[in-house]
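Worksheet: the structure to be examined is printed underneath.
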Amino acid sequence: MADVVAACLESPGSTYQSADQVKDAAQTLSQTGICTLCVLRYLPLELGPAYPTRSAADTLQELGVTGEPAEAPCPACLGILNYELADQIIDAYAAQQFDAQDAAVGVELPRSVFVRHRAMQLFCADRGIGRADAAVDVKDAFKHMVAQRLAAACGVTMLGDSPMRID
């Protein structure tokens, strides 16, 4: 995995001047009880190689965050950015043995997620964390997580749009 702190510093939405600022922001976000992937979304860390798609266990440690990740469902994404949920989707797709060369992932979320997203944007803006409008949308983060894992597990090419849609 690429260096998360360096990726945060280089991100177009970044307002950080040093690694210490990134780590302080990550600690503040983690203390709100949000999951590791939501900490990354609101830093903000762009979707890409530094975004964990298998496990986020080492990510908080790399960011210097002390304490354990929250056990309860994340108040920002409602537990949607969950590796077990992604595994269930991948397993269900693989079990169908589709004969498709490419696929696209579509996601529909409860409206309350958007209200929570805006609340976190305001929280970040109030505390000078990143640029609030640069936070990664939960839909995009989930689609990235599922698409990367689905491509690896099933050998399909992931496209923005495809006749083979996984909704």
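The values are calculated or read from the model by the stated rules, or taken from the named source; none is laboratory data. All of these numbers come straight from a predicted model, not from anything done at the bench. For neighbour counting, all protein chains shown are included, and Cβ atoms are generated from backbone atoms with ideal geometry for every residue, glycine included. The protein model used for the area step is the full one, side chains on, heavy atoms only, and it has no ligands, DNA or RNA in it. Shrake-Rupley method; radii C 1.70, N 1.55, O 1.52, S 1.80 Å.
Going through (1) basic (Lys, Arg); (2) open to solvent by less than 50 Å² (accessible area, probe 1.4 Å); (3) under 29 Å from Thr28 (Cα atoms) one by one, Arg149 falls short only on (3).
Restricting the stretch 70-99 to residues that are exposed (fewer than 15 other Cβ atoms within 10 Å of the Cβ) and small (Gly, Ala, Ser), the residue that is modelled with the lowest pLDDT is Ala72. Residues in the stretch 9-24 that are in a helix (DSSP H, G or I) and without any contact (Cβ under 8 Å) to a residue 12 or more places away in the chain: Glu10, Asp20, Gln21, Asp24. Going by the structure shown, is Tyr42 open to solvent by less than 20 Å² (accessible area, probe 1.4 Å), at pLDDT 80 or above and of a type in the set (Ser, Thr, Tyr)? Considered against the rule, which asks whether it is open to solvent by less than 20 Å² (accessible area, probe 1.4 Å), at pLDDT 80 or above and of a type in the set (Ser, Thr, Tyr), Tyr42 comes out as yes. Would you confirm whether any residue within the stretch 133-152 is at pLDDT 85 or above, more than 20 Å from Tyr83 (Cβ to Cβ), touching a Leu at 6+ places or on another chain (Cβ under 9 Å) and not small (Gly, Ala, Ser)? No, because not a single residue in the stretch 133-152 is at pLDDT 85 or above, more than 20 Å from Tyr83 (Cβ to Cβ), touching a Leu at 6+ places or on another chain (Cβ under 9 Å) and not small (Gly, Ala, Ser).
Kindly establish whether Asp91 is among the acidic types (Asp, Glu) and within 26 Å of Leu29 (Cβ to Cβ). When the stated conditions are applied, Asp91 does not pass them.
Inside the stretch 105-118, residues that are under 21 Å from Ser14 (Cα atoms) and without any contact (Cβ under 8 Å) to a residue 12 or more places away in the chain make up a count of 1. The residues of the stretch 122-132 that are in contact (Cβ under 8 Å) with a residue 60 or more places away in the chain and under 17 Å from the mean Cα position of the chain (by Cα), listed by number, are Cys124, Ile129, Gly130, Arg131. Taking the criterion of being open to solvent by less than 10 Å² (accessible area, probe 1.4 Å) and in a loop (DSSP other than H, G, I, E, B), the only residue of the stretch 25-39 that qualifies is Ile34. Evaluate the stretch 24-43: report whether one residue or more is more than 14 Å from the chain's Cα centre (by Cα) and of a type in the set (Lys, Arg). No - not one qualifying residue is present in the stretch 24-43. Among residues that are modelled with pLDDT of 85 or more, over 18 Å from Cys124 (Cα atoms), open to solvent by less than 40 Å² (accessible area, probe 1.4 Å) and small (Gly, Ala, Ser), Gly106 is not included. Taking the listed residues Gly155, Gly67, Gly160, Gly128, the one that is at pLDDT below 85, open to solvent by 30 Å² or more (accessible area, probe 1.4 Å) and under 24 Å from Gln21 (Cβ atoms) is Gly67, with no other qualifying.
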